[in-house]
Amino acid sequence: LEWRKNEVVARCRLDSVPHRVAFSPLNGDVVSVSGLDFIKFWTLSDMKLQNVDGLPKPSDVKFVDHAWLVPGDATLALLGNKADLSYIYLVHGKDLSVIRTFATSLPQCASEPASRSLRCFHRGLVVGGSRGYVSLWEQSGPDDAGASGSEAPGLRHVLTCRVRDAEAPVCNLDVAGPVQEEMLALGFADAAVGYMVLSDLREGRQVCKSCTILCGGFHAGSVTALDIATMRPVVVSLSREESTIRLWNYATQRCELSVRFAGEEPTGVAIHPLGFFLAVTFSDKLRFLEVLAHELLPYREFGLKGTRLPLFSNGGHLFAVVQGKMVTIFSTRTLTKIGTVRVPSQQVATMSFDPEDRFLITLTEDGSISRWSTRGWAKVEEARDYTPRPCEGLSLAVGPDSLTCCGTVEAGRPFLRSFKHSAQTEEHELPGNQRPTAMCRMGPSVLTGTSMGTLLVCKGPASVPNCEELGLHQGACTAIVTSGRLIVTAGEDGAIFVLSMGEPPAGKSTTSQPKPTRAIVMIRSDEIQTNQQEIENLTAANAALHIKIVEEEAKLTDEYRNLMFEARRQDQEELRRVRSQHESLQQAATSREREGLRTVKALEASRLKAADELEQKYDKKIMQEADHLATLEEDLRNLESYMEALREDTQRHLEQQRQRHQHELDRRMEEKEAEISKLQDLLAFTQQRFDTMLDQEGMENDLEVSEQSRKCEEELEKQRLIEYRLKKEQDTLLRGLDAMEKERDSARKEQEETKATVSALKSNLEALNREYDRIRLERREREVSLRDKELEIGSFKTKVGT
């Protein structure tokens with residue numbers, strides 16, 4: 001992509017899903033792509049991607065990730081797993097040859113790969129492995145790579161540690177920030193994202209298991225239930241795959257509480273509008289919990305089987321829960337059952353209170369909608385399609401205008417319908433065959449979550465064809481809740497989105513979404529007493545520490561004054577001593593200068609005399625060297641003539657040897673050609689003979705198989721005739737039982753004999769079937785042996801060709 005021009009430069013298709021794409025830091029036209037057990041390289045030339053021959057893959061190694069070393073020196077770090085071990089391969093980016101191999105120190109794990117991801121930083125790299133372990137490596141500088149003297153980078157292992165208490169593998173890594181302030185981001189298999197300071201980890205200042213989890217963690221599985229509090233900025237979510245409930249604060253953007261129900265199966269969750277009370281349904285119970293500052297405290301539990309779809313009323317005074325075709329209503333104040341609603345048609349798919357809590361609206365799995373009064377819990381009205389068309393109810397939304405919207409699927413076609421007082425007012429088919437899996441009302445607007453993960457925002461039921469579509473989730477959208485002008489959605493991908501519907505109209509205030517000046521939480525009374533005692537202890541310790549600091553300050557002030565006075569006195573004495581030493585050194589330097597002048601004059605006179613003597617001596621030596629040079633030149637000319645004669649003799653001898661070798665080579669070539677022709681004739685004869693044998697054996701095998709098939713069919717036909725005759729006799733005996741009560745004993749004996757005969761025939765039939773399977777297996781074995789012989793012939797041809 002050319003992002004400045006917003007256009008596609010080049011594209012190519014891959015056979016597997018890529019996990020990492022990177023550019024070479026030295027050459028921006030070189031692109032590397034890696035995925036599960038593959039790595040490929042391309043070069044960008046003339047706006048086209050040209051494939052580059054890949055590097056030779058080591059045996060039994062599965063590549064998982066790669067990265068270019070930083071700073072760029074055309075070296076690629078490749079991560080691979082072999083059996084239960086993990087290795088780092090350093091590859092030269094120009095000729096794609098493996099330079100060095102290093103075995104990581106990540107712990108072995110039989111159920112999953114030892115390493116998952118790799119990322120480079122300045123002069124080092126980090127490897128993510130299983131069970132939350134990371135391995136840190138630094139570049140140790142170039143090492144000798146052999147006798148050729150070429151240089152290759154080296155890696156030095158710094159440490160391997162576990163960065164998190166949970167045993168989730170590290171699937172993704174990234175490094176960001178300046179060199180001295182690099183931050184390491186980690187993505188785990190359980191959807192958690194963590195970060196830590198890389199420099200502290202590199203220098204050993206950061207202890208293990210010190211990774212900071214972003215937002216307190218995320219759901220690793222599908223979010224199956226979602227609810228929001230109207231008086232607090234909190235959202236509760238449930239994942240049935242993890243059996244985990246998470247309480248999110250969308251104001252601080254983090255997970256405040258997380259509870260996992262080990263060994264239990266939660267089916268739904270709801271939160272009180274005040275935000276301090278939770279209801280969780282299980283397959284065999286209903287449990288209420290209090291939301292405290294640091295925990296979820298169990299409050300009461302009811303032994304109800306098959307509970308699901310818990311729901312608090314908008315005012316919070318009522319609570320409803322579904323049990324199959326029955327809805328049970330509790331009083332939130334006393335937690336006692338005050339009513340029961342029975343739906344006769346099908347099981348309840350979803351339900352909702354109207355904004356004023358006057359009615360409870362239920363939607364069944366066959367698409368029928370019922371309205372129940374909250375005063376006597378009697379059915380007020382029912383909207384149902386009595387046509388024989390198959391219908392499936394999925395979602396329901398109730399607005400303040402007594403207009404009820406529901407999402408259904410009929411014959412594979414999704415529809416959005418609206419009802420008012422049991423009469424259908426509108427019906428629209430959703431575009432793109434998207435199933436309405438979740439629905440909610442926000443004033444006149446209708447919010448619909450689909451099976452494609454999109455959110456359809458319609459200004460009203462009549463505006464479905466012109467609705468706004470937002471792509472949010474990778475899987476289906478499982479839940480939608482609103483509070484004020486906030487929209488919260490959850491999906492099968494485990495993601496939760498918090499959206500804003502826009503600014504309110506001018507002159508209107510949003511009273512439905514309070515903005516408290518400070519956070520209000522619930523806490524245990526014993527924790528309050530403990531905190532108060534701790535505050536008193538800290539206050540007393542603070543006062544004692546303040547007194548101690550004042551005393552230390554006075555003591556340090558006196559010590560500082562004494563030290564300053566002593567330092568000034570020592571400095572003055574040192575200054576007087578240095579001045580006297582300077583004067584004595586100056587006098588000594590003057591006397592040494594005078595003595596040096598006298599010595600220089602005496603040395604000049606002696607040097608002039610010695611120079612005259614050496615000049616005479618060197619003149620004599622030069623004359624002797626000239627005579628010696630003439631003698632050496634004469635010897636050099638003689639040696640040159642001798643070398644020329646020796647060179648001619650050597651060339652003549654080499655020419656004779658070359659002619660002899662050429663004659664021997666021609667003779668051997670003729671012998672090899674004759675031998676090759678003989679082998680080719682033998683190969684042709686062998687091929688013809690083998691083809692004849694194959695055809696003969698194939699014909700014999702086909703004849704044998706056809707004969708066995710014919711026999712089996714004849715036997716099966718005989719057995720069918722016998723079985724038909726026996727069944728006919730059995731029917732005749734059954735019809736005559738009423739008229740032959742006196743002969744019942746004899747007839748029973750004949751029937752037992754008939755059953756024995758049938759079982760014997762069935763056993764014969766099974767034996768024939770086994771014989772047929774054995775013959776078919778023998779044919780397959782013969783086909784395998786024929787393929788092996790063909791492979792041997794092919795290898796023999798290859799040997800003859802070479």
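The values are calculated or read from the model by the stated rules, or taken from the named source; none is laboratory data. As the structure is a computational prediction, the values presented were derived from the model and not from experiment. Don't worry about glycine lacking a Cβ; one is built from the backbone with ideal geometry, like all the others, and counts go over all protein chains shown. Ligands, DNA and RNA are stripped out before the accessible areas are found, and what is left, the full protein with its side chains, is counted by its heavy atoms. Shrake-Rupley method; radii C 1.70, N 1.55, O 1.52, S 1.80 Å.
Output the residue which, of all residues in region 232-248 that are of a type in the set (Gly, Ala, Ser) and out of contact with any Pro (no Cβ under 8 Å at 6 or more places or on another chain), is farthest from Val291 (Cα to Cα). Spell out how you get there, then give the answer.
Start the filter on region 232-248 by keeping residues that are of a type in the set (Gly, Ala, Ser), which leaves 237, 239, 243.
Keeping just the survivors that are out of contact with any Pro (no Cβ under 8 Å at 6 or more places or on another chain) gives 237, 239.
Details: Ser237: 14, Ser239: 18 Å.
The selected residue is Ser239.
Among the conditions (1) at pLDDT 85 or above; (2) open to solvent by 20 Å² or more (accessible area, probe 1.4 Å), Leu455 misses just one, which is (2).
For the condition assigned to a helix (DSSP H, G or I) and surrounded by 11 or more Cβ atoms within 10 Å (Cβ to Cβ), Ala747 qualifies. In summary, Asp357 fulfils each of the numbered conditions (1) within 25 Å of Thr489 (Cβ to Cβ); (2) assigned to a strand (DSSP E or B); (3) acidic (Asp, Glu) with the single exception of condition (2).
Just one of the listed residues (Phe359, Phe415) is within 25 Å of Gly484 (Cα to Cα), among the aromatic types (Phe, Trp, Tyr) and either touching a Leu at 6+ places or on another chain (Cβ under 9 Å) or open to solvent by less than 50 Å² (accessible area, probe 1.4 Å) (or both), namely Phe359. Output the qualifying pairs, or none if there are none: Cβ atoms under 6 angstrom, residues six or more apart or on different chains, first residue in region 181-199 and within 25 Å of Glu242 (Cβ to Cβ), second residue of a type in the set (A, V, I, L, M, F, W, C) and in a helix (DSSP H, G or I). What qualifies is Val193/Leu214.
Looking at Lys797, Lys762, which is the one that is open to solvent by 50 Å² or more (accessible area, probe 1.4 Å), modelled with pLDDT under 85 and over 47 Å from the mean Cα position of the chain (by Cα)?
Details: Lys762 fails: modelled with pLDDT under 85.
Just a single option satisfies the conditions, and that option is Lys797.
If the condition is being under 20 Å from Glu704 (Cα atoms), open to solvent by 100 Å² or more (accessible area, probe 1.4 Å) and not basic (Lys, Arg), then region 765-787 contributes only Glu781. Selection of region 168-205 for residues being within 16 Å of Trp137 (Cα to Cα), open to solvent by 30 Å² or more (accessible area, probe 1.4 Å), at pLDDT below 80 and not in a loop (DSSP other than H, G, I, E, B) yields Val179, Asp200, Arg202.
For region 50-69, which residues satisfy the criterion of being open to solvent by 80 Å² or more (accessible area, probe 1.4 Å) and touching a Ser or Thr at 6+ places or on another chain (Cβ under 6 Å)? Within region 50-69, just Gln50 meets the criteria. Residues in region 427-454 that are in a loop (DSSP other than H, G, I, E, B) and within 15 Å of Ala476 (Cβ to Cβ): Leu430, Gln434, Arg435, Ser451, Met452, Gly453.
If the condition is being farther than 24 Å from Asp174 by Cα and over 22 Å from the mean Cα position of the chain (by Cα), then region 14-53 contributes Thr43, Leu44, Ser45, Asp46, Met47, Lys48, Leu49, Gln50, Asn51, Val52, Asp53. Here Glu790, Glu752, Glu729 are screened, and the one residue that is part of a helix (DSSP H, G or I), farther than 30 Å from Asp702 by Cβ and open to solvent by 100 Å² or more (accessible area, probe 1.4 Å) is Glu752.
Give region 25-59 a look and list any residue that's among the basic types (Lys, Arg) and within 14 Å of Val91 (Cα to Cα), or say none.
Hits for region 25-59 are Lys40, Lys57.
What's the number of the condition Ile622 fails, among (1) open to solvent by 100 Å² or more (accessible area, probe 1.4 Å); (2) closer than 30 Å to His294 by Cβ; (3) among the β-branched types (Val, Ile, Thr)? The number of the failed condition is (2). In region 73-145, counting only strands (runs of 3 or more DSSP E) that sit wholly within it, the ones holding 2 or more residues that are open to solvent by 50 Å² or more (accessible area, probe 1.4 Å) and over 22 Å from Pro178 (Cα atoms) span 85-92, 98-103, 133-144.
Would you check if there is a residue in region 732-741 being among the polar types (S, T, N, Q) and either surrounded by 10 or more Cβ atoms within 10 Å (Cβ to Cβ) or under 30 Å from Ser795 (Cα atoms) (or both)? Talk me through it step by step, then tell me what you get.
First pass over region 732-741, keeping only residues among the polar types (S, T, N, Q): 732.
Retained after the next criterion (residues that are either surrounded by 10 or more Cβ atoms within 10 Å (Cβ to Cβ) or under 30 Å from Ser795 (Cα atoms) (or both)): none.
No, there is no match, as no residue in region 732-741 is among the polar types (S, T, N, Q) and either surrounded by 10 or more Cβ atoms within 10 Å (Cβ to Cβ) or under 30 Å from Ser795 (Cα atoms) (or both).
Looking across region 231-283 at every residue that is surrounded by fewer than 17 Cβ atoms within 10 Å (Cβ to Cβ) and basic (Lys, Arg), the one that is farthest from Thr336 (Cα to Cα) is identified as Arg254.
Does region 13-31 hold any residues that are over 20 Å from Asp73 (Cα atoms) and among the β-branched types (Val, Ile, Thr), and which are they?
The answer is Val17, and nothing else.
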